[in-house]
1. Between Asp180 and Thr334, what length comes free when the chain is fully extended (0.36 nm per residue of separation minus the Cα-Cα distance, one decimal in nm)?
2. How much length is gained if the chain between Arg81 and Glu266 is pulled fully straight, taking 0.36 nm per residue apart and subtracting their Cα-Cα distance, in nm to one decimal?
3. What distance in nm separates the simple spin-label points at Glu207 and Ile151, each placed 7 Å from Cα in the Cβ direction?
4. For the pair Ile315 and Glu163, what calculated FRET efficiency results from E = 1/(1 + (r/R0)^6), where r is the Cβ-Cβ distance and R0 = 51 Å, to the nearest 0.05?
5. Extension gain Glu305-Met347, at 0.36 nm per residue separation less the Cα-Cα distance, in nm?
6. Which FRET efficiency value, to the nearest 0.05, is calculated for Asp62 and Glu100 with the Förster distance at 22 angstrom and r the Cβ-Cβ distance?
7. Calculate, for Glu225 and Asp144, the FRET efficiency according to 1/(1 + (r/R0)^6) with r their C-beta to C-beta distance and R0 35 Å; round to the nearest 0.05.
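Taken together, the values in this text are just the output of simple stated rules run on the coordinates, not laboratory data. Predicted model, so just to flag it, every value in this text is computed and none were measured. Positions of Cβ are backbone-derived with ideal geometry, glycine not excepted, and every protein chain shown enters the neighbour counts.
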Amino acid sequence: MTRRLGMFLILTLLLGLALGCGVCGLVGRETGETPSPVVEEIEEAEATEEVEAIEEIEAEEDISLSSVTDGLQSLDSYRSRLRMAFESAAGGEAGEWTVEMDIEYVRDPFAQRIVVQGGGMGMTGEGGLESVQIGDQQYAVFGDQCVSSSINGGETMGVEIFEPDDIIGGLEHARRVRPDETVNGILCRHYVFDETAIAWTALTHAEGEVWIAMDGDYVVKYTMEAEGLNPASQEEGHVEWEYEVRDVNASIVIEPPAGCEAAGSEFPTMPDATNVSTFGNMLSYESSSPLDDVLAFYQQQMPAEGWSDTGHSFISESSAMLRFTKDGRAATVTLTDASGTVSVIIMSE
């Protein structure tokens, strides 16, 4: 009996201590006991992180897009395609056209290929236009004619081709939709927009979508159908376009257009040739060598490569014209000295 009473007293004491500690804790909170500085810092940090996370999510819920090509230059390589179609409100076949632009890009060593085909945006015929730049050499193909030129000091041969940003303007507050999607193998945030997001042209109605790469924030895909003023031709009608980027950082090899690399290569050129251009059967360039040295070069090299001097040459202090024949063909070499720079033009027929 005594032993049972002792155990009962011990259990009663333990229970009282437990309840007492609980009450102490409650009393401490109810009386406004100040948390320790360490607890305050932890709670403040957690609150800050939560606010920043909420702000980041809210910021991603809509976007303002100024350019569809921003960020592409930092990629090692890519291919992109832009397709535009337009149907005039006035009707008729003349008011309908489609233009397609394909771009291949390699950052290092730099190379770029652009092919434009279609019957709008000033494009005519089936041949379209092809422009290729490999390092400091540029090629342009118009139909069956090829123009090749070296680029010096950033100057190009003057071939102007519109870019996607010239057609597709920016967006204001496109709305994010979930879930995120993978497009062309790239994880993207997905946004939608209507005519209220477009300020760069007058559209009465528009429905569009845009996908932005999670890694790199560049546009992977952009589609739109709209009614109103076509930004490309300033005509009223129905507009459709689709732009997308694919093969990001893939192995891409860009070569000169077929037939361009060989154009003009049958003729010798001075070692110091600059601004080299070819067009069909014509080769032109500039040399800083004296006129006499350039003249002697062609008097020696043309016969060495199988061209026979016709004997009907003209030579003066500031210019020269040499005529050669080979296998039934004729070639004329014209040299002109202008302020210490010799202009060389070779034409064959």
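1. Numbers: separation 154, 0.36 × 154 = 55.44 nm, distance 6.39 nm.
My answer for the length gained is 49.1 nm.
2. Numbers: separation 185, 0.36 × 185 = 66.60 nm, distance 3.61 nm.
Full extension of this stretch gives 63.0 nm more.
3. 4.1 nm
4. Numbers: r = 48 Å, r/R0 = 0.94.
The formula returns an efficiency of 0.60 here.
5. On the way: separation 42, 0.36 × 42 = 15.12 nm, distance 1.58 nm.
Taking 0.36 nm per residue and subtracting the Cα distance, the gain is 13.5 nm.
6. On the way: r = 31 Å, r/R0 = 1.40.
After rounding, the FRET efficiency stands at 0.10.
7. Working: r = 36 Å, r/R0 = 1.04.
With a Förster radius of 35 Å, E is 0.45.
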